[in-house]
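Working notes for the structure below.
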Amino acid sequence: MNGQQKTKKMLYNNPTLMQANHLYHIKEPSPNKESDLTQQWLSLKPGTLLIARCGRTILVMNPGQLNMTDGPDITQATIIIDGEIKTGKIECHTKEGNWHKHRHHLDPAYDDIILHVVNQFAAKPVLRQVPTVALVIKQSMGCKLTTENLVKDALETIAALGRESWEDMVHQYHNKSLLDFQHQALRYLGKGGNEIAFKTLSELIGFVDIRITKRSELIRILSTLIKDERIIFHRAGIRPANHASNRLDLAARIMLFIRDWNVSYFWDIRKFELIYHQRIAGGCGKAMTAELLGNAFYPFLASRSRQHGHHGKDRQWYKQWSALQLPLIYGKIKRQFSGLLYPGDVKKFPISQGILRLQRSNCRYLHCESCPLSSSGN
(Lines give C-alpha, C1' and ligand atoms only; values in the text may rest on other atoms or scores of the structure.)
Protein backbone atom coordinates (compact mmCIF):
# COMPACT_ATOMS: atom_id res chain seq x y z
CA MET A 1 0.00 0.00 0.00
CA ASN A 2 1.20 3.57 -0.67
CA GLY A 3 -0.40 5.41 2.25
CA GLN A 4 2.18 6.93 4.56
CA GLN A 5 1.72 6.58 8.30
CA LYS A 6 0.92 9.95 9.84
CA THR A 7 1.79 10.82 13.43
CA LYS A 8 0.69 13.92 15.32
CA LYS A 9 1.28 14.81 18.96
CA MET A 10 -1.80 15.42 21.04
CA LEU A 11 -2.25 18.54 23.14
CA TYR A 12 -2.90 16.27 26.12
CA ASN A 13 -1.36 13.07 27.36
CA ASN A 14 -3.75 12.02 30.09
CA PRO A 15 -5.77 8.96 29.01
CA THR A 16 -8.37 9.73 31.68
CA LEU A 17 -9.47 12.72 29.59
CA MET A 18 -10.58 10.40 26.80
CA GLN A 19 -14.26 9.55 26.83
CA ALA A 20 -14.71 5.90 25.91
CA ASN A 21 -17.97 4.46 24.61
CA HIS A 22 -16.95 0.85 25.20
CA LEU A 23 -14.17 -0.93 27.06
CA TYR A 24 -13.18 -4.30 25.60
CA HIS A 25 -11.66 -6.80 28.02
CA ILE A 26 -9.66 -9.83 26.98
CA LYS A 27 -11.68 -13.02 27.14
CA GLU A 28 -11.13 -16.59 26.15
CA PRO A 29 -10.63 -16.83 22.36
CA SER A 30 -13.01 -18.68 20.13
CA PRO A 31 -12.38 -20.27 16.73
CA ASN A 32 -13.46 -17.60 14.23
CA LYS A 33 -12.51 -16.48 10.77
CA GLU A 34 -10.06 -13.64 10.24
CA SER A 35 -12.68 -11.88 8.13
CA ASP A 36 -15.02 -11.88 11.14
CA LEU A 37 -12.31 -10.33 13.30
CA THR A 38 -11.68 -7.66 10.66
CA GLN A 39 -15.41 -6.91 10.48
CA GLN A 40 -15.55 -6.75 14.26
CA TRP A 41 -12.81 -4.11 14.27
CA LEU A 42 -14.54 -2.09 11.55
CA SER A 43 -17.75 -2.15 13.63
CA LEU A 44 -16.08 -0.41 16.59
CA LYS A 45 -17.55 2.99 17.38
CA PRO A 46 -15.36 6.09 17.67
CA GLY A 47 -14.47 6.45 21.33
CA THR A 48 -13.99 2.73 21.93
CA LEU A 49 -11.16 2.20 24.44
CA LEU A 50 -8.93 -0.87 24.40
CA ILE A 51 -5.95 -1.97 26.46
CA ALA A 52 -3.03 -3.35 24.45
CA ARG A 53 -1.08 -6.40 25.51
CA CYS A 54 1.78 -4.13 26.56
CA GLY A 55 -0.56 -2.12 28.79
CA ARG A 56 -0.85 0.95 26.56
CA THR A 57 -4.29 2.53 26.06
CA ILE A 58 -5.75 2.54 22.54
CA LEU A 59 -8.63 4.91 21.72
CA VAL A 60 -10.37 4.35 18.40
CA MET A 61 -11.15 7.55 16.49
CA ASN A 62 -11.83 5.99 13.08
CA PRO A 63 -11.67 2.19 12.55
CA GLY A 64 -10.60 2.77 8.93
CA GLN A 65 -11.55 1.06 5.68
CA LEU A 66 -11.33 -2.51 4.48
CA ASN A 67 -8.39 -3.01 2.12
CA MET A 68 -9.58 -4.88 -0.97
CA THR A 69 -6.09 -5.43 -2.41
CA ASP A 70 -2.78 -6.80 -1.15
CA GLY A 71 -1.27 -5.51 2.07
CA PRO A 72 -2.68 -5.03 5.59
CA ASP A 73 -6.37 -5.72 6.15
CA ILE A 74 -7.37 -2.17 7.10
CA THR A 75 -6.22 1.23 5.85
CA GLN A 76 -6.81 4.86 6.88
CA ALA A 77 -7.52 3.97 10.50
CA THR A 78 -6.99 6.61 13.18
CA ILE A 79 -6.25 5.69 16.80
CA ILE A 80 -4.83 7.42 19.85
CA ILE A 81 -2.02 5.55 21.62
CA ASP A 82 -1.32 7.03 25.05
CA GLY A 83 -2.35 10.49 23.88
CA GLU A 84 -0.62 10.35 20.48
CA ILE A 85 -2.69 10.34 17.27
CA LYS A 86 -1.66 7.84 14.63
CA THR A 87 -3.22 7.24 11.23
CA GLY A 88 -2.29 4.25 9.13
CA LYS A 89 -2.78 0.53 8.51
CA ILE A 90 -3.92 -2.30 10.77
CA GLU A 91 -3.46 -6.05 10.38
CA CYS A 92 -5.89 -8.60 11.85
CA HIS A 93 -5.19 -12.24 12.79
CA THR A 94 -7.20 -14.79 14.71
CA LYS A 95 -3.93 -15.87 16.35
CA GLU A 96 -1.09 -13.50 17.17
CA GLY A 97 1.48 -16.01 15.90
CA ASN A 98 -0.01 -15.87 12.39
CA TRP A 99 2.11 -12.76 11.82
CA HIS A 100 5.12 -14.99 11.23
CA LYS A 101 3.09 -17.85 9.76
CA HIS A 102 1.86 -15.48 7.04
CA ARG A 103 5.43 -14.18 6.60
CA HIS A 104 4.45 -10.55 7.15
CA HIS A 105 7.80 -9.95 8.84
CA LEU A 106 9.41 -10.40 5.39
CA ASP A 107 6.97 -8.10 3.54
CA PRO A 108 7.78 -4.33 3.51
CA ALA A 109 4.07 -3.60 2.98
CA TYR A 110 3.54 -4.44 6.66
CA ASP A 111 6.44 -2.45 8.08
CA ASP A 112 4.43 0.63 9.00
CA ILE A 113 1.26 -0.81 10.55
CA ILE A 114 0.06 1.08 13.62
CA LEU A 115 -1.79 -1.76 15.35
CA HIS A 116 -2.03 -5.57 15.39
CA VAL A 117 -5.55 -6.86 16.16
CA VAL A 118 -5.89 -10.49 17.23
CA ASN A 119 -8.43 -12.83 18.78
CA GLN A 120 -5.88 -14.98 20.62
CA PHE A 121 -2.56 -13.92 22.11
CA ALA A 122 0.60 -15.99 21.59
CA ALA A 123 2.62 -17.25 24.55
CA LYS A 124 5.06 -14.37 24.02
CA PRO A 125 4.53 -11.01 22.27
CA VAL A 126 5.19 -11.21 18.54
CA LEU A 127 5.61 -7.49 17.78
CA ARG A 128 7.68 -5.32 20.08
CA GLN A 129 7.30 -1.89 18.49
CA VAL A 130 3.61 -2.13 17.51
CA PRO A 131 0.80 -2.54 20.10
CA THR A 132 -1.31 -5.70 19.92
CA VAL A 133 -4.92 -5.80 21.13
CA ALA A 134 -7.33 -8.71 21.46
CA LEU A 135 -10.98 -8.46 20.47
CA VAL A 136 -13.80 -10.83 21.28
CA ILE A 137 -15.64 -11.59 18.05
CA LYS A 138 -19.38 -11.32 18.25
CA GLN A 139 -20.83 -14.70 17.39
CA SER A 140 -23.81 -13.34 15.45
CA MET A 141 -22.25 -11.53 12.51
CA GLY A 142 -24.99 -12.19 9.96
CA CYS A 143 -27.85 -9.93 8.93
CA LYS A 144 -30.90 -10.31 11.16
CA LEU A 145 -33.41 -9.34 8.47
CA THR A 146 -35.99 -12.02 7.65
CA THR A 147 -39.23 -12.18 5.72
CA GLU A 148 -41.00 -11.95 9.10
CA ASN A 149 -39.39 -8.73 10.36
CA LEU A 150 -38.90 -6.96 7.01
CA VAL A 151 -41.06 -3.83 7.00
CA LYS A 152 -43.82 -3.67 4.40
CA ASP A 153 -42.56 -0.45 2.85
CA ALA A 154 -38.94 -1.72 2.61
CA LEU A 155 -38.64 -0.87 -1.09
CA GLU A 156 -39.86 2.70 -0.52
CA THR A 157 -37.39 3.10 2.33
CA ILE A 158 -34.53 1.83 0.18
CA ALA A 159 -35.59 4.12 -2.68
CA ALA A 160 -35.46 7.09 -0.31
CA LEU A 161 -31.92 6.11 0.68
CA GLY A 162 -31.11 5.91 -3.02
CA ARG A 163 -32.33 9.48 -3.53
CA GLU A 164 -30.07 10.60 -0.69
CA SER A 165 -27.14 8.96 -2.47
CA TRP A 166 -28.10 10.76 -5.68
CA GLU A 167 -28.07 14.13 -3.93
CA ASP A 168 -24.69 13.36 -2.40
CA MET A 169 -23.25 12.46 -5.79
CA VAL A 170 -24.67 15.60 -7.40
CA HIS A 171 -23.31 17.73 -4.57
CA GLN A 172 -19.78 16.35 -4.92
CA TYR A 173 -19.54 17.96 -8.37
CA HIS A 174 -20.67 21.40 -7.21
CA ASN A 175 -18.32 24.02 -8.67
CA LYS A 176 -16.09 21.30 -10.10
CA SER A 177 -14.46 21.81 -13.48
CA LEU A 178 -14.62 19.44 -16.41
CA LEU A 179 -11.05 18.41 -15.65
CA ASP A 180 -12.00 17.69 -12.03
CA PHE A 181 -14.76 15.49 -13.38
CA GLN A 182 -12.27 13.63 -15.59
CA HIS A 183 -10.11 12.89 -12.54
CA GLN A 184 -13.14 11.56 -10.66
CA ALA A 185 -14.42 9.49 -13.58
CA LEU A 186 -11.04 7.81 -14.03
CA ARG A 187 -10.77 7.35 -10.28
CA TYR A 188 -13.98 5.36 -10.51
CA LEU A 189 -12.36 3.01 -13.05
CA GLY A 190 -10.00 1.93 -10.29
CA LYS A 191 -12.75 1.13 -7.82
CA GLY A 192 -11.66 -1.61 -5.48
CA GLY A 193 -8.04 -0.62 -4.89
CA ASN A 194 -6.67 1.37 -7.86
CA GLU A 195 -8.61 4.62 -7.41
CA ILE A 196 -5.59 6.76 -6.59
CA ALA A 197 -3.51 5.24 -9.38
CA PHE A 198 -6.09 6.07 -12.06
CA LYS A 199 -6.65 9.55 -10.63
CA THR A 200 -2.90 10.14 -10.67
CA LEU A 201 -2.79 9.06 -14.29
CA SER A 202 -5.54 11.55 -15.15
CA GLU A 203 -3.79 14.36 -13.28
CA LEU A 204 -0.52 13.71 -15.11
CA ILE A 205 -2.21 13.79 -18.51
CA GLY A 206 -4.67 16.62 -17.87
CA PHE A 207 -6.79 17.37 -20.94
CA VAL A 208 -5.68 15.22 -23.86
CA ASP A 209 -3.72 17.14 -26.47
CA ILE A 210 -5.90 18.08 -29.44
CA ARG A 211 -3.25 16.59 -31.75
CA ILE A 212 -3.99 13.10 -30.43
CA THR A 213 -6.74 11.76 -32.65
CA LYS A 214 -6.36 7.99 -32.34
CA ARG A 215 -7.34 6.08 -29.22
CA SER A 216 -4.48 3.63 -29.77
CA GLU A 217 -2.02 6.50 -29.59
CA LEU A 218 -3.44 7.68 -26.27
CA ILE A 219 -3.34 4.13 -24.85
CA ARG A 220 0.34 3.92 -25.78
CA ILE A 221 1.00 7.25 -24.03
CA LEU A 222 -0.86 6.09 -20.92
CA SER A 223 1.09 2.83 -20.84
CA THR A 224 4.39 4.66 -21.16
CA LEU A 225 3.41 7.13 -18.46
CA ILE A 226 2.54 4.32 -16.04
CA LYS A 227 5.98 2.81 -16.60
CA ASP A 228 7.97 6.05 -16.50
CA GLU A 229 6.20 7.45 -13.42
CA ARG A 230 6.15 4.04 -11.72
CA ILE A 231 2.44 4.26 -10.97
CA ILE A 232 1.53 1.21 -8.93
CA PHE A 233 -1.63 -0.66 -9.91
CA HIS A 234 -2.73 -3.50 -7.63
CA ARG A 235 -3.97 -6.84 -8.94
CA ALA A 236 -4.66 -8.89 -5.81
CA GLY A 237 -8.35 -9.04 -4.98
CA ILE A 238 -9.32 -7.37 -8.27
CA ARG A 239 -11.16 -9.16 -11.04
CA PRO A 240 -9.06 -9.65 -14.19
CA ALA A 241 -11.52 -7.55 -16.20
CA ASN A 242 -10.77 -4.64 -13.86
CA HIS A 243 -6.99 -4.91 -14.04
CA ALA A 244 -5.35 -1.69 -15.20
CA SER A 245 -4.14 -3.24 -18.47
CA ASN A 246 -7.75 -4.06 -19.34
CA ARG A 247 -9.05 -0.62 -18.37
CA LEU A 248 -6.72 1.60 -20.42
CA ASP A 249 -8.92 1.43 -23.52
CA LEU A 250 -11.92 2.63 -21.51
CA ALA A 251 -9.79 5.30 -19.79
CA ALA A 252 -8.70 6.59 -23.20
CA ARG A 253 -12.31 6.64 -24.44
CA ILE A 254 -13.41 8.68 -21.42
CA MET A 255 -10.52 11.16 -21.71
CA LEU A 256 -11.09 11.76 -25.42
CA PHE A 257 -14.83 12.12 -24.86
CA ILE A 258 -14.25 14.72 -22.14
CA ARG A 259 -11.68 16.58 -24.22
CA ASP A 260 -14.24 16.93 -27.03
CA TRP A 261 -17.04 17.80 -24.59
CA ASN A 262 -19.92 19.79 -26.06
CA VAL A 263 -21.64 22.26 -23.73
CA SER A 264 -24.99 21.30 -25.23
CA TYR A 265 -24.77 17.97 -23.40
CA PHE A 266 -25.98 19.72 -20.25
CA TRP A 267 -29.44 20.28 -21.69
CA ASP A 268 -29.61 17.98 -24.74
CA ILE A 269 -30.10 14.54 -23.20
CA ARG A 270 -30.61 12.76 -26.52
CA LYS A 271 -27.42 14.17 -27.97
CA PHE A 272 -25.41 13.19 -24.90
CA GLU A 273 -26.82 9.65 -24.88
CA LEU A 274 -26.09 9.20 -28.58
CA ILE A 275 -22.48 10.40 -28.43
CA TYR A 276 -21.80 8.62 -25.13
CA HIS A 277 -22.91 5.26 -26.48
CA GLN A 278 -20.93 5.79 -29.67
CA ARG A 279 -17.68 6.73 -27.99
CA ILE A 280 -17.66 5.10 -24.54
CA ALA A 281 -20.26 2.34 -24.15
CA GLY A 282 -18.62 0.28 -26.89
CA GLY A 283 -15.55 -0.09 -24.70
CA CYS A 284 -17.22 -1.66 -21.68
CA GLY A 285 -19.98 -4.03 -20.66
CA LYS A 286 -23.49 -3.24 -19.51
CA ALA A 287 -22.52 -3.19 -15.83
CA MET A 288 -19.70 -0.67 -16.25
CA THR A 289 -21.87 1.44 -18.56
CA ALA A 290 -24.57 1.66 -15.90
CA GLU A 291 -22.04 2.37 -13.15
CA LEU A 292 -20.23 5.09 -15.09
CA LEU A 293 -23.48 6.81 -15.97
CA GLY A 294 -24.96 6.35 -12.50
CA ASN A 295 -21.94 7.27 -10.40
CA ALA A 296 -20.24 9.83 -12.61
CA PHE A 297 -21.84 11.25 -15.74
CA TYR A 298 -25.48 11.72 -14.70
CA PRO A 299 -24.66 13.30 -11.31
CA PHE A 300 -22.11 15.62 -12.95
CA LEU A 301 -24.57 16.67 -15.66
CA ALA A 302 -27.28 17.31 -13.07
CA SER A 303 -24.91 19.36 -10.93
CA ARG A 304 -23.78 21.53 -13.81
CA SER A 305 -27.36 21.95 -15.01
CA ARG A 306 -28.27 23.37 -11.60
CA GLN A 307 -25.27 25.70 -11.65
CA HIS A 308 -26.06 27.02 -15.13
CA GLY A 309 -29.70 27.63 -14.33
CA HIS A 310 -31.13 24.99 -16.64
CA HIS A 311 -34.15 24.56 -14.42
CA GLY A 312 -35.79 21.18 -14.65
CA LYS A 313 -32.90 19.54 -16.48
CA ASP A 314 -31.42 18.24 -13.25
CA ARG A 315 -34.71 16.45 -12.64
CA GLN A 316 -34.50 14.94 -16.12
CA TRP A 317 -31.01 13.67 -15.36
CA TYR A 318 -32.41 12.18 -12.15
CA LYS A 319 -35.08 10.47 -14.25
CA GLN A 320 -32.36 9.00 -16.48
CA TRP A 321 -30.48 7.87 -13.37
CA SER A 322 -33.61 6.26 -11.94
CA ALA A 323 -34.14 4.26 -15.13
CA LEU A 324 -30.69 2.63 -15.04
CA GLN A 325 -30.65 -1.16 -14.69
CA LEU A 326 -27.78 -3.39 -13.61
CA PRO A 327 -27.38 -6.66 -15.55
CA LEU A 328 -26.39 -8.48 -12.36
CA ILE A 329 -26.89 -7.96 -8.64
CA TYR A 330 -23.85 -6.87 -6.64
CA GLY A 331 -22.46 -9.87 -4.74
CA LYS A 332 -22.59 -8.30 -1.28
CA ILE A 333 -26.19 -7.23 -1.88
CA LYS A 334 -27.19 -10.66 -3.18
CA ARG A 335 -25.67 -12.39 -0.15
CA GLN A 336 -27.62 -10.22 2.26
CA PHE A 337 -30.95 -9.70 0.51
CA SER A 338 -31.44 -12.89 -1.46
CA GLY A 339 -34.95 -14.12 -0.69
CA LEU A 340 -35.98 -10.80 0.85
CA LEU A 341 -36.36 -8.62 -2.25
CA TYR A 342 -37.26 -9.43 -5.85
CA PRO A 343 -34.12 -9.66 -8.05
CA GLY A 344 -35.73 -7.35 -10.61
CA ASP A 345 -36.10 -4.63 -7.99
CA VAL A 346 -32.55 -5.01 -6.70
CA LYS A 347 -31.16 -4.62 -10.24
CA LYS A 348 -32.65 -1.13 -10.39
CA PHE A 349 -29.74 1.25 -9.95
CA PRO A 350 -31.43 3.56 -7.38
CA ILE A 351 -32.41 0.54 -5.26
CA SER A 352 -28.89 -0.87 -5.37
CA GLN A 353 -27.50 2.53 -4.34
CA GLY A 354 -29.98 2.70 -1.47
CA ILE A 355 -28.92 -0.72 -0.21
CA LEU A 356 -25.24 0.17 -0.50
CA ARG A 357 -25.93 3.31 1.53
CA LEU A 358 -27.66 1.23 4.20
CA GLN A 359 -24.74 -1.20 4.30
CA ARG A 360 -22.27 1.65 4.74
CA SER A 361 -24.23 3.43 7.47
CA ASN A 362 -25.76 0.51 9.41
CA CYS A 363 -24.58 -2.94 8.37
CA ARG A 364 -20.87 -2.12 8.41
CA TYR A 365 -21.10 -1.04 12.06
CA LEU A 366 -23.59 -3.77 13.05
CA HIS A 367 -26.23 -1.18 13.96
CA CYS A 368 -29.00 -3.76 13.55
CA GLU A 369 -31.05 -2.16 16.32
CA SER A 370 -31.58 0.96 14.18
CA CYS A 371 -32.07 -0.78 10.82
CA PRO A 372 -34.88 1.05 8.97
CA LEU A 373 -35.86 -2.16 7.19
CA SER A 374 -36.51 -4.14 10.35
CA SER A 375 -39.80 -3.96 12.21
CA SER A 376 -38.04 -5.30 15.30
CA GLY A 377 -35.27 -2.70 15.05
CA ASN A 378 -37.53 0.36 15.23
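The values are calculated or read from the model by the stated rules, or taken from the named source; none is laboratory data. Keep in mind that what you see is a predicted model, and the values were worked out from it rather than measured. Every residue, glycine among them, receives a Cβ derived from its backbone with ideal geometry; neighbour counts consider all protein chains shown.
Quick notes on this structure:
- Check on A281, at pLDDT below 90, exposed (fewer than 14 other Cβ atoms within 10 Å of the Cβ) and not assigned by TED's automatic domain parsing to the domain that holds T69: no
- Some residue of the stretch 200-215 being of a type outside the set (K, R), at pLDDT 90 or above, under 19 Å from C284 (Cβ atoms) and not in a helix (DSSP H, G or I): yes
- Just so you know, in the stretch 256-287 the residues that are among the polar types (S, T, N, Q) and in a helix (DSSP H, G or I) include one that is farthest from L189 (Cα to Cα), and it is S264.
- Residue list for the stretch 232-270, restricted to those being hydrophobic (A, V, I, L, M, F, W, C) and within 16 Å of D70 (Cβ to Cβ): I232, F233, A236, I238, A244
- Failed criterion for R270 (all others in (1) farther than 25 Å from D249 by Cα; (2) surrounded by fewer than 19 Cβ atoms within 10 Å (Cβ to Cβ) hold): (1)
- Residues that are loosely packed, with under 14 Cβ neighbours inside 10 Å, assigned by TED's automatic domain parsing to the domain that holds L301 and farther than 23 Å from G282 by Cα occur at least once in the stretch 235-243.
- Only one of the numbered conditions (1) modelled with pLDDT of 95 or more; (2) under 30 Å from P72 (Cα atoms) is not met by P299, and that is (2).
- Matching residues in the stretch 317-337 - criterion: being surrounded by fewer than 16 Cβ atoms within 10 Å (Cβ to Cβ) and either assigned to a helix (DSSP H, G or I) or in contact with a His (Cβ under 7 Å, 6 or more places away or on another chain) (or both): K319, G331, K332, K334, R335
- Condition met for Q336 (modelled with pLDDT of 95 or more and more than 25 Å from S177 (Cα to Cα)): no
- Restricted to the stretch 250-286, and to residues there that are among the basic types (K, R) and within 20 Å of E203 (Cα to Cα), the residue that is farthest from the chain's Cα centre (by Cα) is R259.
- Taking the criterion of being surrounded by fewer than 20 Cβ atoms within 10 Å (Cβ to Cβ) and assigned to a loop (DSSP other than H, G, I, E, B), the residues of the stretch 179-198 that qualify are K191, G192.
- Yes/no for A290 being in a helix (DSSP H, G or I) and in contact with a strand residue (DSSP E or B) (Cβ under 8 Å, 6 or more places away or on another chain): yes
- In summary, D209 fulfils each of the numbered conditions (1) under 23 Å from L356 (Cα atoms); (2) among the charged types (D, E, K, R); (3) without any contact (Cβ under 8 Å) to a residue 12 or more places away in the chain with the single exception of condition (1).
- Every residue from the stretch 116-131 that is in a strand (DSSP E or B), in contact (Cβ under 8 Å) with a residue 60 or more places away in the chain and surrounded by 20 or more Cβ atoms within 10 Å (Cβ to Cβ): V117, V118, N119
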